[in-house]
Amino acid sequence: MSGIGDAADKAKQYGQDNPEKVDQAKDKAQDFVDSKKDKDQQGGDQQGGEK
């Protein structure tokens with residue numbers, strides 16, 4: 001499984017070399033999570049689970 005470790009090392013190195021892109025990715029991910037929460041709160045897919 002060295003391929004996964006190599007990919008993780010490359011991703012970590014890329015993140016260190018490009019912190020602004022990491023911030024952009026975090027913002028996009030947070031926007032996605034927020035939009036999903038908004039849909040759930042508006043009575044979208046009502047599923048059980050932790051709240």
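The values are calculated or read from the model by the stated rules, or taken from the named source; none is laboratory data. Keep in mind the model is a prediction, meaning the values are calculated, not measured. Glycine gets a Cβ as well: all are built from the backbone with ideal geometry, and neighbour counts include every protein chain shown.
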- request: Please work out which residue is modelled with the highest pLDDT, limiting yourself to the stretch 25-51 and to residues that are assigned to a loop (DSSP other than H, G, I, E, B) and acidic (Asp, Glu).
  value: 50
task: Hey, can you tell me all the residues within the stretch 1-17 that are exposed (fewer than 10 other Cβ atoms within 10 Å of the Cβ) and part of a helix (DSSP H, G or I)?
output: 2, 3, 4, 5, 16, 17
